[in-house]
1. Which of the helices (runs of 4 or more DSSP H) found entirely inside the range 297-401 contain at least 2 residues meeting this: within 16 Å of ligand 2 (Cβ to nearest atom) and closer than 26 Å to Ile463 by Cα?
2. Does Val437 fit the bill of being open to solvent by 20 Å² or more (accessible area, probe 1.4 Å), out of contact with any strand residue (DSSP E or B) (no Cβ under 9 Å at 6 or more places or on another chain), away from ligand 1 (no atom under 16 Å from the Cβ) and not in a loop (DSSP other than H, G, I, E, B)?
3. Can you pull out every residue in the range 221-258 that is surrounded by 15 or more Cβ atoms within 10 Å (Cβ to Cβ) and part of a helix (DSSP H, G or I)?
4. Just one of the numbered conditions (1) out of contact with any Gly (no Cβ under 9 Å at 6 or more places or on another chain); (2) in a strand (DSSP E or B) is not true of Arg129; which one?
5. Name the one entry in Arg190, Arg177 that is in contact with a strand residue (DSSP E or B) (Cβ under 6 Å, 6 or more places away or on another chain) and either more than 30 Å from Ser88 (Cβ to Cβ) or surrounded by fewer than 17 Cβ atoms within 10 Å (Cβ to Cβ) (or both).
6. Determine if the range 381-403 includes at least one residue that is on the phi > 0 side of the Ramachandran plot and open to solvent by 30 Å² or more (accessible area, probe 1.4 Å).
7. Scan (1) in a helix (DSSP H, G or I); (2) open to solvent by 50 Å² or more (accessible area, probe 1.4 Å) for the single condition Gln553 breaks and write down its number.
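The values are calculated or read from the model by the stated rules, or taken from the named source; none is laboratory data. Note that the coordinates shown come from a computational prediction; the quantities given were computed from them, not determined experimentally. Cβ atoms come from the backbone with ideal geometry, glycine included; neighbour counts cover every protein chain shown. What goes into the accessible areas is simple: the full protein's heavy atoms, side chains included, and nothing from ligands, DNA or RNA. Shrake-Rupley method; radii C 1.70, N 1.55, O 1.52, S 1.80 Å.
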Amino acid sequence: MRERLKTYFGYDTFRPYQQEIIDTVLKGEDVLVLLPTGGGKSLCYQLPALIREGITLVISPLIALMKDQVDALNANGIPASYLNSSLSAQEIQTVQQQALSGKLKLLYLAPERLGILGFDSFLLQLNVRLIAIDEAHCVSEWGHDFRPDYRRLVQLRTLFPTVNMIALTATATTRVRQDIVRYLQMPQPRVFLSSFNRPNLFYSVQPKQQAFQQLVTLLSRHKNESVIIYCFSRQDTEDLVSDLYTQGFRALAYHAGLEKQQRTRAQEAFIRDEVHIIVATIAFGMGIDKPDVRLIVHMDLPKTIEGYYQETGRAGRDGLSSECVLFYTYADKRKQDYFIAQIQDELEQAQAQKKLSDMIGYCESTGCRRQYVLRYFGEEWKESFCGTCDVCQAPSVELQDATVLSQKILSGVLRTGERFGAGYVCDVLRGSARDRVVENKHDRLSVYGIAKDVSRQEVMLSIDLLLRYGYLEKQLGEYPTLRVSGEGKKALTHREPILLPKIETGSVLKRAKKEKETDYDFELFTKLRQLRKQIADQQGVPPFVVFGDRSLQEMSRAYPQDTTAFSTIFGVGDTKLKQYGELFVSHIVEYVQEKGMSVTAPKKEVILLKKERIGSTIQKTKELIEKKYTLEQIANARGFVCSTIVQHIEQLVQMGAELDIEYLKPAPERIEKIKEAFVHTNSSALSPVKEFLGEEYSYDEIRLGRLFL
Ligand code: ADP
Ligand code: ZN
C-alpha cells in the first residue's frame, strides 16, 4: 500500500486513520468516515479503488468539483471519469463506453443520475466493487446541505447487495451521523471519527477598528496567495472590492445576486490562480476545493460557530500553515439581531439567538480559541494551550504591575452594582457627566472620577485584560454586563498585586505586520509557481492539479537537480515524474547555476536569518536556561506559566539555537514511558499520549519528552 501511495500519489506516509480505513474497506466492511476538511478523505476510497479489481462508484454532489477531482486523478495516471448534467449526450455515451470496456478504476456520479431511466441497467453491467458516498451529510436534513437526491442512494444497496460502501463527511454531529447510517442502510458500519482540530490553522480575533487598514496589512503579508474575505452583505462585498482596487489589490466579488455566469467566472479565476482574492458573502465556498487558500478573513460577525468553522475550514486543506482572522465588534451583533427578529418560529428564533451568543463567546473568549471551538462541537479537548491562536500567543508579552488601576476598575464594577457594561464603568471612573451616570446617582460614589488621569482607551484596554486574566467576568445578554470574579474579589480583599501585559496602543497590528518567514527559497518558489501556471493553462487544469504548494516548497528547499532526486519530493508519483520531472529539474538547474550557488548554501542562510530573529522574550528564557534554572524557576522569574516556557524551548530548538537542555530531560524511565505512549498512539499529538499516560504525567513533561525523543 505504501508503495502505491508513492507511485500514484507521490506521498510517503499516510495521514492519521487513512491506513486503518483503507484496510477496513479492503476487508469488505461498510465504513463511515468522519474526518475534518483537508483530512485526506478522498484517498480512503481512491487507493482501495486502485487495489481492488473492477470499478469504484463515487457519488459526489458538487458538479463543479467532479472535473477537478477527475483531472487530479488523471494527472496521477489513474483512469477515472465522471457523469453529470454538465456533459453532452455524446460525451455521456463515450464515458459509459469507457466504463463498460473495463478501463476505468473510478467513476464519479452526480446522485440525480440514479433517477434517469435505464441508468440502473447500465450500472448493472459494470463490475462494481466499491461504492463511495462523498459528502454523505447531504442525506440528512440536519446537515447544512441537505440534498433530496441523496435519498436515492439507497437504490445502490438493492442493485449491489454484496458490494461494501464507504460514506465520508466532515460533519460530525451525532444526528447527521445517525441519518447517514439510517438512510444509506449501513447496518453495522465501522466508524472512524477523528478530532476536528485543524492544527495548521492559526485563529485570531482582532478588534474591528481601522479594519480596512488591518486588512491591507494582512493582504500584503499574503501577497500572491489565495485569500477569501467574507462580508455580511452583497453591497459590502462590492464596496470592499473597489476599496481594495484603490490599494492595488485585484479582487472579485462573489454573491448570490450575481448572474450565474459571473459567479462561475469568479470561481474559475480563483481556482486557476488568475485572481487571488475573492470577496464573498457566505454563498461562496460550497463548490471550492482549492487546497492552497492561505487566509480567510471575516469582516463581520458570523451567525454561528458551525458556519465559522466551515468557512475557515476552507483554508489550508493541503496541511500548510494558514490563517483565519475575524474582525469583531460587539456592535455587529445588531445586524444579526435584525435577522433573528424576522424568524417566525419561536423555538428556531431562540436557537438562533443561542448560537449567536456562542459565537460572541468565541470572540470574547479569554481562553484558547481552538479549545473553545472543539469543545463547542462536543470534543473532549483537554489542551488549554494550542500555541497557534492569538490568545495562546498573547501571554508571551511582558507582564507589569497594574495593581492600582486594576483595583480602581474592580471597585468601580462592584460599587455600580455589577449591572453595567465596560463603557459605563469607564465613564464613572473617569468622572463623566453623562445623563445616565447622574440619573443613577453614580456621580456620588467614591469611585467616581478616580481614574480621571487615565485615558479612556487605557481604561477600556485594562478592562479587556482583566477579563482575559479572569479578574472580571462578562455576562452575555442583550447588553453585556461586567462582574467581579472570585479571583478578582480575592485580589481586592487581600490587596494582592495584579500583573497584566503592558498596554501598547496599536499592539494588535504587531502580528499582522510581522514579516513572513519562510524556510524555503522564496524566489525559486515563485519561479516554479509560474512554471506550474504555464503548464496548467496548457493542459486546461487548475494549477494545484499539476503540483501543490507543498511540493513546490520542498523543491525550493531541496533543489533536486536530477530526476532521481526529484522523485523523492512530496507529491511526485510515477506519472508526474515522467510528465514534469525533466521540465522542473531543468528550471531548478538553471536557477542554481544562475545564482552560482552550492546547493546547501541557501538553507544555512535561512537558519541564520531565523537565529537573528529570536524574539527578545525567548532570548530571556534562553539566558535563564543557560544559567540552568528549572522550568518552574524560569516561569516564576518571567511571570509566565510553565507551558509557555516549554513552548519557548521548543521554538529555540526548532530554530537550531545552541542550547544545553539536558538538565531538563525527564528521568530515563519516564522518557521510556513517554516514548511507549507516542509509539502506541502512532502520532505526534499530545492529547492521545496524555490520555494514555494519565494523571501522573503533565503536558509539560510530555512535551519535553517529545522534544528529546
Ligand atoms: P478532504 O476530502 O478530507 O477535505 P482531501 O481528500 O481533499 O481532503 O485531501 C486534502 C489534501 O491532502 C489534498 O491535497 C490531498 O492530496 C492531500 N493528502 C491526502 N492524503 C495525503 C497523505 N497521505 N499525505 C500527504 N497529503 C495527503
Ligand atoms: Zn490556542
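1. So the answer is 346-364, 369-376, 390-393.
2. So Val437 does not fit the description; no.
3. Answer for the range 221-258, where residues must be surrounded by 15 or more Cβ atoms within 10 Å (Cβ to Cβ) and part of a helix (DSSP H, G or I): Arg221, Arg234, Asp236, Thr237, Glu238, Leu240, Val241, Asp243, Leu244.
4. Here Arg129 clears every test but (1).
5. Result: Arg190 is the single residue among Arg190, Arg177 that is in contact with a strand residue (DSSP E or B) (Cβ under 6 Å, 6 or more places away or on another chain) and either more than 30 Å from Ser88 (Cβ to Cβ) or surrounded by fewer than 17 Cβ atoms within 10 Å (Cβ to Cβ) (or both).
6. For the range 381-403, residues on the phi > 0 side of the Ramachandran plot and open to solvent by 30 Å² or more (accessible area, probe 1.4 Å): absent.
7. Evaluating Gln553 over (1) in a helix (DSSP H, G or I); (2) open to solvent by 50 Å² or more (accessible area, probe 1.4 Å) leaves (2) as the failure.
Residues checked against (1) at pLDDT below 90; (2) open to solvent by less than 30 Å² (accessible area, probe 1.4 Å); (3) touching a helix residue (DSSP H, G or I) at 6+ places or on another chain (Cβ under 7 Å); (4) not in a loop (DSSP other than H, G, I, E, B):
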site: Lys408; (1), (2), (3), (4): no, no, yes, yes
site: Val447; (1), (2), (3), (4): no, yes, yes, no
site: Ile450; (1), (2), (3), (4): no, no, yes, no
site: Asp464; (1), (2), (3), (4): yes, no, no, yes
site: Leu467; (1), (2), (3), (4): yes, yes, no, yes
site: Lys474; (1), (2), (3), (4): yes, no, yes, yes
site: Lys489; (1), (2), (3), (4): no, no, no, yes
site: Gly506; (1), (2), (3), (4): yes, no, no, no
